[in-house]
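Have a look at the structure below before the remarks.
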Amino acid sequence: MGEFGPPYWAADEFEQVNGFPRYPKHELDRRHQWVTDLMVDRSLDAVVIGGPTGPLETSVQFFSNWPSQVQSYVVFARDTLPILLVRLWNHLPDAERISAIPDVRYGGDTPAEQADRLASILAGRRRVGLIGVVPHADLTVLTEAGLETIDLNPEYQSFRLVKTEAEMAFVRIASRMNDAAIDALATTLRPGMNEFEVARIVENVYLGHRAWNLIHFSLTTPMHDPSVCVPHQYHPDRTIQAGDVFVTEISTTFWGYAGQILRTFTIGCEPTARYRRLHDVALAVYHGITGVLGPGATVGDVLDAAEGISAAGFDIWDDLVHGFGGAYLPPIVRTRSSRGATHPDGFEYPVGALVVVQPNVIDGPAGVQVGNSMWLTQSGVEVTQRYPTELIVCE
């Protein structure tokens, strides 16, 4: 299959139990200990983690190993072992096979039943921390039961931003598939295809290798008369033509973890001068940011490195830098002339942060994008994708 083809993972890269991947015990112990410590620090009687596992919501899976497809809960309470509360009777057998939490309980087939059972588990508790997604109806049941709820998502997001070596094993596998998806597009995109066919090209790379789609955004537009500067989340009904630019953002997810790759292609011709200039600026800014990133680098350092976009007379539409890997995480950084950042200039990136650097440089309706996910370690920046960042010309 070539340099970027399978195999994407080796048998010894992750543990399997009952035929399913499982996060290492020491890694799950670390996560559970964090919750225990947080209960002590915040004087909590319990912590409830909620949500289905979706494109950017993996909280239940993060603490249990089970990727829930419907609203489910992990419950931590003082002086007791954690509980996984599973909605839908037919989901219970797989939850029992996959979960690393032994106490798996049926939560009911309706949201009301599940909320009542959750409240019953929490009976006698008073202060309860919440992580992930808790629907309003469930929250109402908890508050009516006399529970005081505390939002722990800011602490949780900071915890998730930093990845361990055990977590990076899954990120790297997903990132290899990102490379392969870009390689497949480079050899397959041609005039006459419909843009919605891109989904099949991308997903065919990894669907037979235990991964699934997180995102595959894209745009096509004529370089000489552009009308779209940022990739669509949903592929439109448009026929790709010679002379088009094609821009894509791809994240494959492997057992709750993803990397991200962003690349720009031209179809059937070399880039126009306008698009070449846009890509040159995007690539220069990408390298400028990766040159300053690392543990201890600040949001201000990133904003300084991005000033070349405004200096060239261009702007951005998409975010410039964000945290990633199992969730879309702050800090979210743009440019000083385009809404700034969610965090102050002095915020320092911690050791182990996983981020995406992705300059989407635009000139009115024309836009390009280039980027990768990367891990900030004490020894340097590990870019999790290997596909070249240069603009790709599809013959």
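The values are calculated or read from the model by the stated rules, or taken from the named source; none is laboratory data. Keep in mind it's a predicted model, so treat the numbers as computed, not measured. Here the Cβ is made from the backbone with ideal geometry for all residues, glycine too, and neighbour counts use every protein chain on show.
Tell me whether the range 99-112 contains one or more residues that are at pLDDT 95 or above, buried (at least 18 other Cβ atoms within 10 Å of the Cβ) and assigned to a helix (DSSP H, G or I).
Looking through the range 99-112, none of the residues is at pLDDT 95 or above, buried (at least 18 other Cβ atoms within 10 Å of the Cβ) and assigned to a helix (DSSP H, G or I).
Name the residue, out of Leu139, Leu214, that is of a type in the set (A, V, I, L, M, F, W, C), touching a strand residue (DSSP E or B) at 6+ places or on another chain (Cβ under 7 Å) and either assigned to a loop (DSSP other than H, G, I, E, B) or within 30 Å of Asp45 (Cα to Cα) (or both).
Selected residue: Leu139, the only one of Leu139, Leu214 that is of a type in the set (A, V, I, L, M, F, W, C), touching a strand residue (DSSP E or B) at 6+ places or on another chain (Cβ under 7 Å) and either assigned to a loop (DSSP other than H, G, I, E, B) or within 30 Å of Asp45 (Cα to Cα) (or both).
Take the residues in the range 268-287 that are of a type outside the set (A, V, I, L, M) and surrounded by 19 or more Cβ atoms within 10 Å (Cβ to Cβ), then tell me which one is farthest from Val381 (Cα to Cα).
By that ranking, first place goes to Pro271.
For the range 218-235: of the residues being outside any loop (DSSP other than H, G, I, E, B) and under 24 Å from the mean Cα position of the chain (by Cα), which is surrounded by the fewest Cβ atoms within 10 Å (Cβ to Cβ)?
Of all residues in the range 218-235, those outside any loop (DSSP other than H, G, I, E, B) come to 218-222, 232.
From what's left, under 24 Å from the mean Cα position of the chain (by Cα): 218-220, 232.
On the way: Ser218: 26, Leu219: 25, Thr220: 26, His232: 15.
By that ranking, first place goes to His232.
Is there a residue in the range 179-196 that is touching a residue at least 24 places away in the same chain (Cβ under 8 Å), in contact with a His (Cβ under 6 Å, 6 or more places away or on another chain) and not charged (D, E, K, R)?
Yes, the range 179-196 has at least one match.
Hey, any hits in the range 80-94 for a residue that's of a type in the set (A, V, I, L, M, F, W, C), within 20 Å of Asn153 (Cβ to Cβ) and surrounded by fewer than 20 Cβ atoms within 10 Å (Cβ to Cβ)?
So far as the range 80-94 goes, no, none of its residues is of a type in the set (A, V, I, L, M, F, W, C), within 20 Å of Asn153 (Cβ to Cβ) and surrounded by fewer than 20 Cβ atoms within 10 Å (Cβ to Cβ).
Any chance the range 236-259 includes a residue that's part of a loop (DSSP other than H, G, I, E, B), within 17 Å of the chain's Cα centre (by Cα) and polar (S, T, N, Q)?
Scanning the range 236-259, I find no residue that is part of a loop (DSSP other than H, G, I, E, B), within 17 Å of the chain's Cα centre (by Cα) and polar (S, T, N, Q), so the answer is no.
Could you tell me which numbered condition Val202 fails, if it satisfies all but one of (1) crowded, with 17+ Cβ neighbours inside 10 Å; (2) outside any strand (DSSP E or B); (3) touching a residue at least 60 places away in the same chain (Cβ under 8 Å); (4) in contact with a strand residue (DSSP E or B) (Cβ under 9 Å, 6 or more places away or on another chain)?
It is condition (3) that Val202 fails.
This table checks each residue for (1) part of a loop (DSSP other than H, G, I, E, B); (2) within 20 Å of Gly288 (Cβ to Cβ).
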| residue | (1), (2) |
| --- | --- |
| Val333 | no, yes |
| Pro344 | yes, no |
| Met374 | no, yes |
| Pro388 | yes, yes |
